[in-house]
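Reading through the structure tokens given below for one structure.
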Amino acid sequence: MSGSWTCSHCNAELQLIGEEDFRVGGAAGFAGMLLGGWNQLSEGTLALQMYRCPQCGHVDFFLPDR
Ligand SMILES: [Zn+2]
């Protein structure tokens, strides 16, 4: 999806920073923290698109294939 997202805090349009590969290592990984119960992914990396709000600095993550 290449549509635009709006900030959940101030409603400004989010800017795509880029795609990051996060290491998924159970509950210890950053992505594991972020995604809570997604431990079935066990090990590996998870690609997430990072969006940043230019107005308030809020950052959102999205799965690229959604
Ligand atoms: Zn914002």
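Read-outs throughout are calculated quantities, based only on the coordinates presented, and are distinct from any laboratory measurement. Owing to the predicted nature of the structure, the values given are computational and were not obtained by experimental measurement. Virtual Cβ from ideal backbone geometry, glycine too; neighbours counted across all protein chains shown.
Data for the structure
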{"quantity": "Residues located in region 6-20, provided they are of a type in the set (S, T, N, Q) and within 8 Å of the ligand (Cβ to nearest atom)", "calculated": "Ser8, Asn11"}
{"quantity": "Any pair with Cβ under 9 angstrom, 6 or more apart, that starts in region 6-25 at a residue that is within 18 Å of Leu63 (Cβ to Cβ) and without any contact (Cβ under 8 Å) to a residue 24 or more places away in the chain and ends at one that is more than 14 Å from the ligand (Cβ to nearest atom) and part of a strand (DSSP E or B)", "calculated": "Arg23/Thr45; Arg23/Leu46; Val24/Thr45; Val24/Leu46"}
